[in-house]
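Comments concern the structure below.
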Amino acid sequence: MTNRVDFDQYTADYNKLLQERTDFFTKDDGYFARYKVDLVKSKLKTPPRRILEYGCGIGRNISFLQKCFPEAAIVGTDISAASLDIAREDYPGVQFILEDESLSNHDTFDLIFIAGVFHHIPVIERDKVAQKLRQRLSSDGDIFIFEHNPYNPITQRIVSTCPYDDDAVLLRPKELRQRLSGAGFQVKETDYCLFVPPSLPKLIWLERYLARVPLGGQYVLHAKK
Ligand SMILES: C[S@@+](CC[C@H](N)C(=O)[O-])C[C@H]1O[C@@H](n2cnc3c(N)ncnc32)[C@H](O)[C@@H]1O
């Protein structure tokens, strides 16, 4: 049994720890966040009006969500109060809510965006979280969940050396699909991603053809209600 990581303890070092581990791939601090939000945007037919970033941490994805979806109202939630304090300072126009404190059960969103959160949720709580997310998705909404690819040896190494991943229990895409389906979601696709380093921008088109190859750094699950 692993002890739960308290992200309140990592707010000061979060960016540094992440950068140290991903430096070999890119020196661009915003690359991963931009990549994920751009990918989500490319899959949506209509721009969302209300977006929830569940497990938003210190807000690393927020500016990219704002840029891609300028008309949308954005809410970020997390269980780490200290992370949310930092996010609030950086993004005064965004509502940040401590998970389960004041988000009404009736609040629904057209887009739920989640990156790197599920592997921190204790296995026994994952189904409950999936059910909660389904309640928060509007009837025609879209949910995208990015997770580390447990089959990729470089990802495994990054996770095993990162102090805030001490409690990480990586999920295979099959586990995530089953949990989401079990909660009543219709899972549309699960694609591997983050194959091509940004230093080779001319090869980025290859990612589309590699989506079924279980070697990307991460994968993304897309589901509807
Ligand atoms: C690796 S960080 C990722 C933060 C952000 N999503 C990003 O991409 O930069 C994981 C975050 O998930 C949060 N978290 C863990 N369990 C959670 C839960 N059950 N509900 C909401 N957030 C959770 C942590 O507090 C932490 O901020």
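Listing for the model above:
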quantity	calculated
Accessible area of the chain belonging to carbon and sulfur atoms, whole % at 1.4 Å probe	52 percent
Set LYS27/LYS67; LYS16/LYS224; LYS45/LYS128; LYS45/LYS202; LYS27/LYS188 screened for pairs whose C-alpha atoms are more than 23 Å apart	LYS16/LYS224; LYS45/LYS128; LYS45/LYS202; LYS27/LYS188
P(r), alpha carbons of the range 24-71 - 5 Å bins starting at zero, rounded %	4, 20, 30, 26, 13, 5, 2, 0
Solvent accessible area, Å² - ILE121, 1.4 Å probe, full protein context	10 Å²
Point-charge dipole on Cβ atoms (K/R +1, D/E -1) for the chain, about Cα centre, debye to 20	1120 debye
Sequence of LYS174, LYS224, LYS45, LYS36 from largest to smallest accessible area, 1.4 Å probe	LYS45, LYS174, LYS224, LYS36
Relative contact order (%) - the chain, alpha-carbon pairs under 8 angstrom, separation at least six	20 percent
Relative contact order [Cα under 8 Å, 6+ residues apart], the range 33-158, whole percent	24 percent
Spread of Cα-to-Cα distances over 5 Å intervals beginning at zero, given as percent, for the range 162-209	4, 16, 16, 12, 17, 18, 13, 3, 0
Centre separation in Å (Cα based) which lies between the range 1-80 and the range 148-206	15 Å
Selected from ILE97, ILE158, ILE124 as most flexible by GNM, with the chain as the system and alpha-carbon contacts under 10 Å	ILE124
Solvent-accessible area per residue for the chain (1.4 angstrom probe, square angstrom)	52 Å²
Interatomic Cα distance distribution for the chain, bins of 10 angstrom, percent	8, 34, 41, 17, 1
Options VAL75, LEU65, ALA87, ranked by Cα towards positive dipole end of the range 63-107, top entry (Cβ charges)	LEU65
Expected 222 nm ellipticity per residue - DSSP helices of 4 or more, -39500 (n - 2.57), all of the chain, to 500	-9000 deg cm²/dmol
Separation of the THR46 and TYR209 label points, Cα + 7 Å toward Cβ, nm	3.5 nm
Residues of type aspartates and glutamates that LYS174 reaches as a straight line, Cα spacing below 20 Å, ignoring anything fewer than 8 places off in the same chain	GLU125, ASP127, ASP142, GLU147, GLU189, ASP191
Cα-centre dipole for the range 122-225 with unit charges at Cβ (Lys and Arg positive, Asp and Glu negative), debye to 20	360 debye
Magnitude of the charge dipole, the range 1-119, Cβ model with Lys/Arg +1 and Asp/Glu -1, debye to 20	640 debye
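The values are calculated or read from the model by the stated rules, or taken from the named source; none is laboratory data. Here the structure is a predicted model, which means the values were calculated and not measured. Note that each Cβ is placed from the backbone with ideal geometry, even for glycine, and that neighbours are counted across all protein chains shown. Accessible surface is based on the protein model in full, side chains and every heavy atom, while ligands, DNA and RNA are left aside. Shrake-Rupley method; radii C 1.70, N 1.55, O 1.52, S 1.80 Å.
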